[in-house]
Amino acid sequence: MSFTRSFDAVSPSEWRLLSERAGHVFATREWLQTWWRRYGRRGHPLLGVARADGEPAAIVALEVWQRLGLPILRFVGHGPSDQLGPICGPRGDPAAAAATTALMAGVPLRRFVLIAEHVGGDRGFDELTGARPLYRESSPVVRLGQASWEEFLQARGRNFRQQARRFPRKLAERGPVSYRVVDDPERLDRDLDLLFELHRMRWAGVVTPFLQASQFHREFAAQALAEGWLRLWFLEVAGTPVAALYGFRFAGAESAYQAGRDPAFQSGEVGFVLLVHAIREALADGMAEYRLLRGGAAYKDRFATSDPGIETYGLPRGGSARLVLAVALAARGRSLGLRRLLDRT
């Protein structure tokens, strides 16, 4: 086991293997290094690597900075990332579990507070590390084990089946309906402009966190397209884009990250129709699941077949660290208290 400040402690091929075992694009070297170039300037990285039989079993990529005279740690990628945590195989993998325990016990600091955000609810991070669960968020998933789209529909409720068939027909009354997935690097910047504009229209001009991170997503989307991970869909009516769905396909799963739409069209039509199409294509291409990602919503509940959730934990080391975390949680409530603790300005 070793800790370093360099992302080069693990080769790209080894990192790719572990990120695939972790099962999400937010664990990739490409995503995390893009994040560090954009957001990692105020602290310094701390990268831990645990090996088993000479092969890497787990990586923890941490950002470290000082707050109240105490080192504060967060997983690299916080903010834009939908899931974080140790980069390793599932909880049932003994090597991954042992590596996670060893890495978190071996952080080379006498005292610190780790705020471990958005760790998969099925990872057992608290049991492996002694971390304190702080709060849980929804992260719905659509399991795709059916042999055909019709079989998938038959497993849904009657109302869902009817709308999946009726909404595209209703939309076609306004003109020919077509779908386009982005596959041209030369056109990517214009397509991202269109995605951001449709997202801005959906939120009536509000500058959302997604729009604030637009340069990050431009940089990563170019890499994701080259790697075959990017899934950026547009729904067009009479040749005019009216909805967009931005996501990723990685390690046998597809994820819907963000969306946008023209408010001149009912969201129940264009949003539902485009998501149905994306899930149908994922099923046809052999994806095992379609992830609706962090946050509960009524439309997600209509699609989801399970919800493993994601957890945020607190892990203090040292008496002063335990006191700081306890005060932060008690004084302002968990959510606001953590935000104040994590405010670096």
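Observations, loosely collected:
- Taken along its principal axes, the alpha carbon cloud of the stretch 71-215 reaches lengths of 66, 38, 30 Å, longest axis first.
- Remark: the chain carries 44 Å² of accessible area per residue (probe radius 1.4 Å; ligands, DNA and RNA excluded).
- Per-bin percent of Cα-Cα distances, the stretch 14-79 [5 Å]: 4, 16, 25, 23, 15, 10, 5, 1, 0
- In the complete set of protein chains, residue-level accessible area for TYR135 is approximately 80 Å², probe 1.4 angstrom.
- Residues considered: TRP31, TRP149, TRP229. Largest GNM mean-square fluctuation over the chain, using C-alpha springs under 10 Å, is found at TRP149.
- Ranked by solvent-accessible area (1.4 Å probe, protein heavy atoms only, all chains present), the residues GLU219, GLU227 order from largest to smallest as GLU227, GLU219.
- Kyte-Doolittle mean at least 0.5 and Cα axial length at least 27 Å: DSSP H helices in the chain: none
- Once all protein chains are placed together, LEU194 keeps about 50 Å² accessible to a 1.4 angstrom probe.
- The chain pair-distance distribution - Cα-Cα, 20 Å bins, rounded %: 29, 55, 16, 0
- The translational diffusion coefficient of the stretch 242-331, from Stokes-Einstein at 25 °C and 0.890 mPa s with a Kirkwood hydrodynamic radius over alpha carbon pairs, comes to 154 µm²/s.
- Column: log10 I(q)/I(0), Debye, Cα scatterers of the stretch 188-301, q = 0.12, 0.16, 0.18, 0.22 Å⁻¹: -0.41, -0.75, -0.96, -1.43
- Space enclosed by the convex hull of the alpha-carbon atoms of the stretch 37-139, per residue, Å³: 114 Å³
- Kirkwood radius for the stretch 180-235, taken over all pairs of different Cα atoms as the inverse mean of 1/r, rounds to 11.7 Å.
- Check: the stretch 53-155 dipole with +1 on Lys, Arg Cβ and -1 on Asp, Glu Cβ, in debye: 640 debye
The values are calculated or read from the model by the stated rules, or taken from the named source; none is laboratory data. Source: prediction; values computed, not measured. For neighbour counting, all protein chains shown are included, and Cβ atoms are generated from backbone atoms with ideal geometry for every residue, glycine included. Note: areas computed on protein heavy atoms with side chains; ligands, DNA, RNA excluded. Shrake-Rupley method; radii C 1.70, N 1.55, O 1.52, S 1.80 Å.
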